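The structure appears right after this line, and notes come after that.
The values are calculated or read from the model by the stated rules, or taken from the named source; none is laboratory data. Nothing here was measured: the structure is a model prediction, and the numbers come from that model. In this analysis, Cβ positions are derived from the backbone assuming ideal geometry, glycine residues included, and neighbour counts consider all displayed protein chains. Accessible surface is based on the protein model in full, side chains and every heavy atom, while ligands, DNA and RNA are left aside. Shrake-Rupley method; radii C 1.70, N 1.55, O 1.52, S 1.80 Å.
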Amino acid sequence: MKKVFLKMTNSQPFYFRTHIMLIAFLALLTSGCSNDDNQPTITPEEPAVAITEIADDIKELIYFQGDEKAATVLIAVPGGPSTVFATDVVDEFFPVLNPKNILTVTVHQAQTLDSTIVKSADITLEQAVNYNAETIDMLDKVTSYFKNQGRAVYVLGFSFGAFVTQELIAKKGIDSADKYLIMTGRLDMNAVIWQGAAEGRNGFFENGVTPNVEPDPDPEVKERNLNRISAGFSMNRYTQLFSTISDLSSITYIYGATDQAVGSLTDNEVQFLASKNTTIIAGSGDHGATLENLIVQGFKDAFGIDLK
């Protein structure tokens, strides 16, 4: 089996890129053959305050496409971690979501806002945790900004972004956004995987179940540090951190049975999500196939958005 490590960098093609581009092409064909009155739209509740163009301090933290005054905002939290700002994920969703009057946004993370923090020398796990706290604060500032304007805010977190999204919920509350779609993540990562990542070593799951860790740290300092950034999130036990949240029905959670990057959800993780009223979608595929094959269903179930 091909190894796919926990760290999924943005320099790799997104597994669902081709699928999204096809959806966008079909959407353009459809729009040319129908009246504007027939176009699907999202109709959120009346905003609590006036929606304005995005403030400059928020623009410094984000990349976006679409109408700045759109009443619905999708915030994409990408795979990684990476030092490259994930503008491409916004560009891929924009052709599909813009006709539906949805603003598409991605938010800087600590290591994309300042890549030197992981490039110069080895960092400690404690430093990684502190950088991750900065990442969550930036994401919270953006979600709060749009929520406070009365906009409908949806968060999509996949792969590494799933862990970032979970940390947002754990630290800032389930009401940080209106709805969440979490794909190819884990609630309680196997200790051997995150501990190996904390030492700068790469890990993967054989058949989505059996954890394996490389014997030696990655030879590149940046990659070792990005592994530690990953460990700073995956070390957390989200079944414990979410235990005081009575209802997780605003979350749709998608996982793959043979996910080699993060592993399949365990029975305990699935039972926990079910006990909190989470919508759970189980796929049989690996990391990439799960993203590619279930992204359309995920958007429909989580957000009521039809990508077709």
Among the residues of the range 158-183, which ones are of a type outside the set (G, A, S) and either over 25 Å from V118 (Cα atoms) or surrounded by fewer than 19 Cβ atoms within 10 Å (Cβ to Cβ) (or both)?
I169, K171, K172, I174, D175, D178, K179, Y180, L181, I182, M183
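I want to confirm something. Restricting to the range 233-252 and keeping residues that are assigned to a loop (DSSP other than H, G, I, E, B) and among the aliphatic types (A, V, I, L, M), which single residue is farthest from the chain's Cα centre (by Cα)?
So the first thing to find is which residues in the range 233-252 are assigned to a loop (DSSP other than H, G, I, E, B), and the list is 235-236, 242-250.
If we keep only those that are among the aliphatic types (A, V, I, L, M) as well, we get 235, 245, 248.
Numbers: M235: 17, I245: 20, L248: 17 Å.
The residue in question is I245.
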Which members of the range 253-306 meet the condition of being outside any strand (DSSP E or B), within 15 Å of Y238 (Cα to Cα) and of a type outside the set (S, T, N, Q)?
V262, L265, D267, E269, V270, F272, L273, A274, K276
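What residue, of D67, D122, is surrounded by fewer than 18 Cβ atoms within 10 Å (Cβ to Cβ), over 14 Å from the mean Cα position of the chain (by Cα) and more than 21 Å from I229 (Cα to Cα)?
On the way: D122 fails: more than 21 Å from I229 (Cα to Cα).
Being surrounded by fewer than 18 Cβ atoms within 10 Å (Cβ to Cβ), over 14 Å from the mean Cα position of the chain (by Cα) and more than 21 Å from I229 (Cα to Cα) holds for just one of D67, D122, which is D67.
Take T104 and tell me if it is touching a strand residue (DSSP E or B) at 6+ places or on another chain (Cβ under 7 Å), surrounded by 24 or more Cβ atoms within 10 Å (Cβ to Cβ) and not in a helix (DSSP H, G or I).
Values: touching a strand residue (DSSP E or B) at 6+ places or on another chain (Cβ under 7 Å): yes; surrounded by 24 or more Cβ atoms within 10 Å (Cβ to Cβ): yes; not in a helix (DSSP H, G or I): yes.
Considered against the rule, which asks whether it is touching a strand residue (DSSP E or B) at 6+ places or on another chain (Cβ under 7 Å), surrounded by 24 or more Cβ atoms within 10 Å (Cβ to Cβ) and not in a helix (DSSP H, G or I), T104 comes out as yes.
When the residues of the range 252-308 are narrowed to those that are of a type in the set (V, I, T) and open to solvent by 10 Å² or more (accessible area, probe 1.4 Å), which ends up nearest to V89 (Cα to Cα)? Give the derivation first.
Of the range 252-308, the ones of a type in the set (V, I, T) are 252, 254, 258, 262, 266, 270, 278-281, 290, 295-296, 305.
Now narrow it down to the ones that are open to solvent by 10 Å² or more (accessible area, probe 1.4 Å): 258, 266, 270, 278-281, 296.
Working: T258: 24, T266: 29, V270: 28, T278: 25, T279: 24, I280: 24, I281: 22, V296: 15 Å.
Ranking the qualifying residues of the range 252-308, first place goes to V296.
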Single residue of T135, T165, T104, T184 found to be of a type outside the set (D, E), within 14 Å of the chain's Cα centre (by Cα) and more than 23 Å from G232 (Cα to Cα):
T104
Considering only residues that are open to solvent by 60 Å² or more (accessible area, probe 1.4 Å) and either farther than 29 Å from D114 by Cα or in contact with a Phe, Trp or Tyr (Cβ under 9 Å, 6 or more places away or on another chain) (or both), which ones fall in the range 193-223?
E206, N207, V209, T210, P215
Under the condition of being more than 11 Å from the chain's Cα centre (by Cα) and among the hydrophobic types (A, V, I, L, M, F, W, C), which residue from the range 75-85 is least open to solvent (accessible area, probe 1.4 Å)?
F85
Sort out which residues of the range 107-118 are open to solvent by 50 Å² or more (accessible area, probe 1.4 Å) and closer than 22 Å to F163 by Cβ, and write them in order of number.
L113, D114
I'd like to verify a number: residues in the range 86-100 that are open to solvent by 40 Å² or more (accessible area, probe 1.4 Å) and either aliphatic (A, V, I, L, M) or closer than 18 Å to T143 by Cα (or both), how many?
1
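Being open to solvent by 10 Å² or more (accessible area, probe 1.4 Å) and part of a loop (DSSP other than H, G, I, E, B) is the filter here, so list the residues in the range 47-64 that pass it. Don't jump to the end; show me each part of the working.
Quick first cut of the range 47-64, residues open to solvent by 10 Å² or more (accessible area, probe 1.4 Å) only: 47-53, 55-57, 59-64.
Once the filter is applied, which keeps residues that are open to solvent by 10 Å² or more (accessible area, probe 1.4 Å) and part of a loop (DSSP other than H, G, I, E, B), the range 47-64 yields P47, A48, V49, A50, I51, T52, E53, A55, E60, L61.
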M138 fails exactly one of (1) crowded, with 24+ Cβ neighbours inside 10 Å; (2) touching a His at 6+ places or on another chain (Cβ under 9 Å), namely (1)
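Do we find a residue being part of a strand (DSSP E or B) and either under 14 Å from V164 (Cα atoms) or touching a strand residue (DSSP E or B) at 6+ places or on another chain (Cβ under 7 Å) (or both) anywhere in the range 78-92?
The answer is no, given that none of the residues of the range 78-92 is part of a strand (DSSP E or B) and either under 14 Å from V164 (Cα atoms) or touching a strand residue (DSSP E or B) at 6+ places or on another chain (Cβ under 7 Å) (or both).
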